[in-house]
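One structure is given here, and the rest of the page talks about it.
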Amino acid sequence: MEVRQETDYVLHHAQKILAIFAAMRDFARHLRAAGHRVRYVALDDASNRQSIPDNLAALAAHYGAQAVQWQQPDEWRLDAQLQAWAATEALACTAVDSEHFLTARDDLATQMHGRRQWLMEHFYRPMRRRHRVLLDAAGQPEGGQWNFDHDNRKPWPGTPPAPADWRPSHDHRALWALLQRCGVQTLGEPQADALRWPLNRCEALACLEAFVTHALPHFGDYEDALASRAPRLFHSLLSFALNVKMLHPLEVVQRAEAAWRAGQAPLAAVEGFVRQILGWREYMRGIYWAHMPGYDRHNALGHHLPLPHWFWTGATRMRCLHLAIRQSLDTAHAHHIQRLMVIGNFALLAGLDPAPLHRWYLGIYIDAFEWVELPNTLGMSQRADGGRIATKPYVSSAAYLQRMGDYCQGCAYDPQAKTGERACPFNALYWDFFARHAEALGTNPRLALVYRQWHKMPAAQQAALRAQALQLRQRLDAL
Ligand SMILES: Cc1cc2nc3c(=O)[nH]c(=O)nc-3n(C[C@H](O)[C@H](O)[C@H](O)COP(=O)(O)OP(=O)(O)OC[C@H]3O[C@@H](n4cnc5c(N)ncnc54)[C@H](O)[C@@H]3O)c2cc1C
Ligand code: SF4
């Protein structure tokens, strides 16, 4: 069912609503062709009550149903809503596992019980063993190590060329017209005449094959790179197909492993890719279910600044943020380092309120569903949960951004300068962040070097950096 409840719970990117509804319509056609009886409730159906429980109640009454079964939703919001509805109905209601994940909702919490910090690495190795991924005959990790992250941190020199966009293109102008007729509010560019997302399993499998052939061999090397000429670099763009269940995570992981065994991609690239799906994706889901409800209200660092208006337009002179946000508005996608080390980094250093930031991330990305977006944004990126996921905050000054790509070339700001009109805002904000949060972060052994550097700085330099940061934080809209 297409319902306003789902189009409206947050302001979504136009492509996100278009792609989800178009994929649902395609799936309904596929099921009918396979001989199933399908009742599809379109957004403008006269009988559509625009809420899932209201529609379920009406459908159950219409068909004289005795029982209703559903697949467990991935989000707490829907799970709670369906359970509350079931409690008021005289029907036999059952929720079944969607069988889409490689762990149960509470596996991570069980596995980490008693540990102070729930690190991904502690979770990833047993996952490799449990699913027998990239193991040798003796059950040890192929290549003699579990993690090749150190090999995967190179800037992209421009060669090999980044692959052309392999995704299909769809004309969904009629569906876009329907959304507009119904008054659905969206953000970003709809690109309804050339919607570049896989909308069924067949297309998703073709995308997986294209990724394995054209990008996986270089995925590891340039996983953390930033490149203005190649926004997608060697990333898979498979998160949408995975999250809407067109692809199963294990088949994606096994396809990547098969490419390594066939000599089509190096081990470091394949391990790096496998870790994202077998590790991070499942781990984030475990974090979500262990901490919901209420995880979305954490604000451990007490950050309260509103999002600058350019989050909705990309109109900022900071070239890195301009490129990452504009790309997000145009394509509904940004790769991990753009989300974490450009947009998230700035938000954390500046002290933006994590709750509206979470809603921004939840709306803008094609793959954004709360079970994966919330722990990534609030936990990993903003440390609003007090540091349950990472041993130290994901922040950097301009030096890191300059090292990882070409974003600083042609920027109105100078990445080397720390104070003054043209100084890159990341620099003063970086030091001010650590000074402001010395009480919460100053005893963290992984930050000892940062605090040593700060304390060694002459008082006048410290004061100048803090004054610069204060001024920046007072006029974020103008940056
Ligand atoms: C602040 C922030 C918000 C994010 N929000 C989302 C979100 O709403 N939905 C989402 O799917 N991912 C999210 N991510 C994780 C990651 O950025 C995206 O999965 C990735 O950029 C999707 O593009 P891709 O398919 O090309 O990924 P690739 O780089 O090709 O990675 C392969 C796959 O690994 C998985 N993956 C990689 N990193 C993560 C991660 N940190 N958590 C979970 N899965 C991961 C994804 O399924 C992805 O498709 C977020 C990251 C950050 C820092
Ligand atoms: S100079 Fe600063 S603001 Fe400009 S692109 Fe580099 S890091 Fe971003």
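The table for this structure:
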item: Among (1) without any contact (Cβ under 8 Å) to a residue 40 or more places away in the chain; (2) surrounded by 22 or more Cβ atoms within 10 Å (Cβ to Cβ); (3) farther than 21 Å from GLN327 by Cα - the single one TYR361 does not satisfy; result: (3)
item: Filter result for the condition that a residue is exposed (fewer than 15 other Cβ atoms within 10 Å of the Cβ) and either modelled with pLDDT of 95 or more or not in a helix (DSSP H, G or I) (or both), over ALA46, ALA22; result: ALA46
item: Among (1) farther than 23 Å from GLU75 by Cα; (2) part of a loop (DSSP other than H, G, I, E, B), the one test that ALA384 misses; result: (1)
item: Members of region 142-192 that are part of a loop (DSSP other than H, G, I, E, B), buried (at least 17 other Cβ atoms within 10 Å of the Cβ), out of contact with any strand residue (DSSP E or B) (no Cβ under 6 Å at 6 or more places or on another chain) and small (Gly, Ala, Ser); result: ALA162
item: When residues of region 219-242 are limited to those that are within 16 Å of ligand 2 (Cβ to nearest atom) and either closer than 28 Å to HIS100 by Cα or part of a loop (DSSP other than H, G, I, E, B) (or both), the one farthest from the chain's Cα centre (by Cα); result: ARG229
item: Criterion (farther than 27 Å from ARG388 by Cβ and over 21 Å from the mean Cα position of the chain (by Cα)) met by exactly one of GLN327, GLN264; result: GLN264
item: Residue that is farthest from HIS150 (Cα to Cα) [pool: residues in region 254-271 that are assigned to a helix (DSSP H, G or I) and touching a Phe, Trp or Tyr at 6+ places or on another chain (Cβ under 8 Å)]; result: ALA256
item: Count of residues meeting criterion [among the basic types (Lys, Arg) and in a loop (DSSP other than H, G, I, E, B)] in region 193-212; result: 1
item: Filter pass, TYR413 being out of contact with any Leu (no Cβ under 8 Å at 6 or more places or on another chain), within 25 Å of ALA464 (Cα to Cα) and of a type in the set (Ser, Thr, Tyr); result: yes
item: Residue in region 121-133 that is under 30 Å from LEU178 (Cβ atoms), surrounded by 15 or more Cβ atoms within 10 Å (Cβ to Cβ) and modelled with pLDDT of 95 or more present; result: no
item: Residue in region 368-388 that is within 16 Å of ligand 2 (Cβ to nearest atom), of a type outside the set (Lys, Arg) and more than 13 Å from LEU348 (Cβ to Cβ) present; result: no
item: Members of region 348-366 found to be within 10 Å of ligand 1 (Cβ to nearest atom) and touching an Asp or Glu at 6+ places or on another chain (Cβ under 8 Å), listed by number; result: HIS358, TYR361, LEU362, TYR365
item: Residue check for PRO308: within 15 Å of ligand 2 (Cβ to nearest atom) and either more than 17 Å from the chain's Cα centre (by Cα) or modelled with pLDDT of 95 or more (or both); result: yes
item: Residue count for region 253-289, restricted to those that are over 20 Å from ASN152 (Cα atoms) and surrounded by 19 or more Cβ atoms within 10 Å (Cβ to Cβ); result: 8
item: Close pairs (7 angstrom Cβ cut-off, 6 or more residues apart or separate chains): under 20 Å from GLN191 (Cα atoms) in region 312-330, within 9 Å of ligand 2 (Cβ to nearest atom) and outside any loop (DSSP other than H, G, I, E, B) anywhere; result: GLY314/HIS322; ALA324/VAL342
item: Qualifying residue in region 254-271 (condition: touching a residue at least 24 places away in the same chain (Cβ under 8 Å) and within 16 Å of ligand 2 (Cβ to nearest atom)); result: no
item: Test: GLU99 is in a loop (DSSP other than H, G, I, E, B) and either assigned by TED's automatic domain parsing to the domain that holds LEU278 or out of contact with any His (no Cβ under 6 Å at 6 or more places or on another chain) (or both); result: yes
item: Single unsatisfied condition, PRO356 versus (1) farther than 25 Å from PRO198 by Cα; (2) of a type outside the set (Gly, Ala, Ser); (3) within 16 Å of ligand 2 (Cβ to nearest atom); (4) surrounded by fewer than 23 Cβ atoms within 10 Å (Cβ to Cβ); result: (3)
item: Candidates ALA390, ALA399 - the one that is within 16 Å of ligand 1 (Cβ to nearest atom), free of Cβ contacts under 8 Å to residues at least 24 places away in the same chain and surrounded by 15 or more Cβ atoms within 10 Å (Cβ to Cβ); result: ALA390
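The values are calculated or read from the model by the stated rules, or taken from the named source; none is laboratory data. Keep in mind that what you see is a predicted model, and the values were worked out from it rather than measured. All Cβ positions, glycine included, derive from the backbone under ideal geometry; neighbour counts span all protein chains shown.
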